[in-house]
Amino acid sequence: MSLQLNTPLADLATDAATLLRENFESEATVTAAAPGRVNLIGEHIDYCDGFVLPFAIDRYVVIAASSNDSREGRIGTTFDKPVTLDLDKKKEPGQPKWANYIRGVIRGFQDRGHQIPGFDAFIVSSVPLGAGLSSSAALECAMATLLEGLLDTVLETREKGLLCQKAEHDFANVPCGIMDQFASAFGQANRLVLIDCKTGEPELVPFEDPDLTVLVSNTKVNHELSDGSYAERRKNTEDGLAIIGKKSWRDVSMADVESAWDDLDDPINRRARHVVSEIERTISAAKALEANEFEALGPLMAASHASLRHDFEVSCKELDLMVEIAHKIGRDGGVIGARMTGGGFGGSTVTLCESGKAEAIAAKLATDYEAATGIKPDIFASRPSKGSHLIK
Ligand code: GLA
């Protein structure tokens with residue numbers, strides 16, 4: 001069996017409640033869940049007014065909590081010792097780093113005038129860390145949902161996504177776009193979340209054909225977006241747009257990029273070519289999906305990967321290898337398309353394939369990848385799943 005099994009959401013919730021009881025002697029009264037995401041196509045263009053096509057995966061961060069009568073938030077995890085946060089103080093970034101996602105979300109509620117009640121909480125997760133599957137957005141959205149439960153209030157979904165994005169910007173120091181938080185907040189079972197990042201409008205696109213499977217292959221090469229390479233790419237695109245002299249990438253054509261090629265200089269010209277071509281590819285992919293023309297996704301995903309590899313330079317040899325193995329298995333072997341997914345510099349690939357051949361494809365990806373790198377990848381199948389919600 002090459003496909004990794006998943007812990008059901010209900011079991012995660014039970015684990016979180018048990019650990020809350022064992023660590024804080026509290027019974028959970030509020031339990032929140034939020035998923036990671038995988039992106040089918042539309043990479044590194046959410047901060048360029050582009051379109052992106054992710055979905056929420058059935059891997060969740062779950063937080064079980066209960067109010068206490070203190071002015072503190074005490075938060076336990078399976079991977080570090082508990083942290084205690086003074087809720088009377090406006091939260092600022094600090095140590096340990098993982099708690100900045102929590103601090104940032106609390107700050108978002110504080111800035112909206114909420115007084116957070118004292119609480120005990122325990123976090124469990126089935127979203128792999130550093131795998132390009134948005135474990136941080138899942139943590140932010142789960143925390144925001146938990147606070148909605150503790151405060152007995154409901155934010156508009158878009159507002160919740162934006163609050164979580166701001167936590168990532170200000171507390172984790174990653175100037176991300178809106179894809180991850182919107183996918184985690186708006187996700188629905190059997191639906192892709194097509195986001196027009198210019199208007200900030202998500203549209204739910206059906207994706208429920210049982211003959212199609214999405215495989216996620218975690219190369220186990222870690223990605224760290226806060227090291228500056230993500231911010232640098234974003235800056236490249238801002239510089240490119242300024243040189244081209246347009247207000248939005250949506251108004252830039254490939255002819256504009258070509259005529260500005262020499263003024264843009266390398267690598268800005270290649271970054272620009274990626275942005276404009278990836279926006280076109282994502283629009284084509286969304287149209288193909290709406291028309292049930294899944295086969296059209298193959299060439300689009302291949303071109304997306306090549307562009308991210310050569311023009312945007314966010315891939316790495318392990319991601320290239322995983323995609324290459326999928327391409328070698330080919331259409332006859334059941335593979336429709338493959339590409340890197342997420343921020344890059346390591347992390348995961350996404351492979352769209354025929355369900356009947358998914359197990360054999362996963363086995364081949366795992367064997368060939370391990371033979372070439374010595375690293376055992378984690379490969380799992382995922383279907384579009386429910387976004388952030390309160391379990392109770
Ligand atoms: C990270 C960011 C997203 C997006 C992707 C690349 O996941 O958080 O906003 O930019 O990288 O598509």
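Each reported figure results from applying straightforward, stated rules to the coordinates on display, with no laboratory input. Small disclaimer: the values here were computed from a predicted structure and weren't measured. When we count neighbours, we look across all protein chains shown, and the Cβ atoms used for this are built from the backbone with ideal geometry, even at glycine.
Numbers at a glance
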| item | result |
| --- | --- |
| Rg/Rg_globular for region 33-84, with Rg_globular taken as 2.2 N^0.38 Å and Rg from C-alpha atoms | 1.74 |
| Between helix 317-329 and the chain: long-axis angle, C-alpha atoms, 0 to 90°, nearest 10 | 60 |
| Cα gyration tensor category, rounded, prolate or oblate, for region 12-119 with a/c compared to 1.5 | oblate |
| Lys, Arg +1 and Asp, Glu -1 on Cβ, resulting dipole of the chain about Cα centre, debye, nearest 20 | 420 |
| Computed Rg/Rh of region 352-392, alpha carbon atoms with Kirkwood Rh | 1.19 |
| Residues whose placed amide H lies under 5 Å from that of residue 123, excluding near-sequence neighbours | 76, 77, 78 |
| Helix 358-373 vs. the chain, principal-axis angle (Cα, 0 to 90°, nearest 10) | 80 |
| Hz values of 3J(HN,Hα) by residue in region 245-258 - Karplus curve (6.51, -1.76, 1.60), Gly and Pro given as x | x, 10, 7, 9, 4, 5, 9, 9, 9, 5, 5, 4, 5, 5 |
| Scattering curve values for region 109-220, log₁₀ I(q)/I(0), Debye with Cα scatterers, q = 0.11, 0.12, 0.16, 0.23 Å⁻¹ | -0.42, -0.50, -0.86, -1.45 |
| Backbone HN-Hα couplings from phi across region 171-176 [Karplus 6.51/-1.76/1.60, Hz, Gly and Pro as x] | 10, 10, 6, 10, x, 6 |
| Student exercise, region 1-154 dipole from Lys, Arg, Asp, Glu Cβ charges, in Debye to nearest 20 | 320 |
| Kirkwood-Stokes translational diffusion coefficient of region 59-135, alpha-carbon pairs, 10 °C, 1.306 mPa s, µm²/s | 120 |
| Amide proton proximity set for residue 188, modelled H, under 5 Å, gap of 5+ | 56, 385, 387 |
| Cα centroid separation - region 145-222 against region 323-350, whole Å | 22 |
| Distance histogram for region 221-318 (every C-alpha pair counted, 10 angstrom bins, percent rounded to whole numbers) | 15, 41, 33, 12, 0 |
| Positive-end residue of 363, 274, 167, charge dipole of the chain with Cβ unit charges | 167 |
| Expected 222 nm ellipticity per residue - DSSP helices of 4 or more, -39500 (n - 2.57), all of the chain, to 500 | -12500 deg cm²/dmol |
| Calculated diffusion of region 241-392, Stokes-Einstein form, Kirkwood radius summed over Cα pairs, 20 °C and 1.002 mPa s, µm²/s | 124 |
| Burial order of peptide ranges 374-387, 252-265 (average beta-carbon count within 10 Å, highest first) | 374-387, 252-265 |
| Cα centre as origin, Lys/Arg/Asp/Glu Cβ charges: region 196-284 dipole, Debye | 220 |
| Stretchable slack from residue 231 to residue 97, in nm (0.36 nm times residue separation minus alpha-carbon distance) | 46.4 nm |
| Unit Cα scatterers, Debye sum, the chain: log10 I(q)/I(0) for q = 0.09 Å⁻¹ | -0.51 |
| Ranked packing of 123-131, 270-278, 137-145, most packed first, by mean Cβ within 10 Å | 137-145, 270-278, 123-131 |
| Sites residue 69 and residue 6, calculated FRET efficiency, Cβ-Cβ separation with R0 56 Å, nearest 0.05 | 0.90 |
| Under the Karplus curve 6.51 cos²θ - 1.76 cosθ + 1.60, θ = phi - 60°, whole-Hz ³J(HN,Hα) for region 103-119, x wherever Gly or Pro sits | 4, x, 6, 4, 4, x, 6, 4, 5, 8, x, 7, 9, 6, x, x, 8 |
| Built amide H within the under 5 Å cut-off of residue 337, gap 5+ | 352 |
| Charge context of residue 383, other residues only, Cβ under 13 angstrom, K/R +1, D/E -1 | 0 |
| Isotropically averaged projected area of region 285-364, using the convex hull of Cα atoms (one quarter of hull area), nm² | 5.3 |
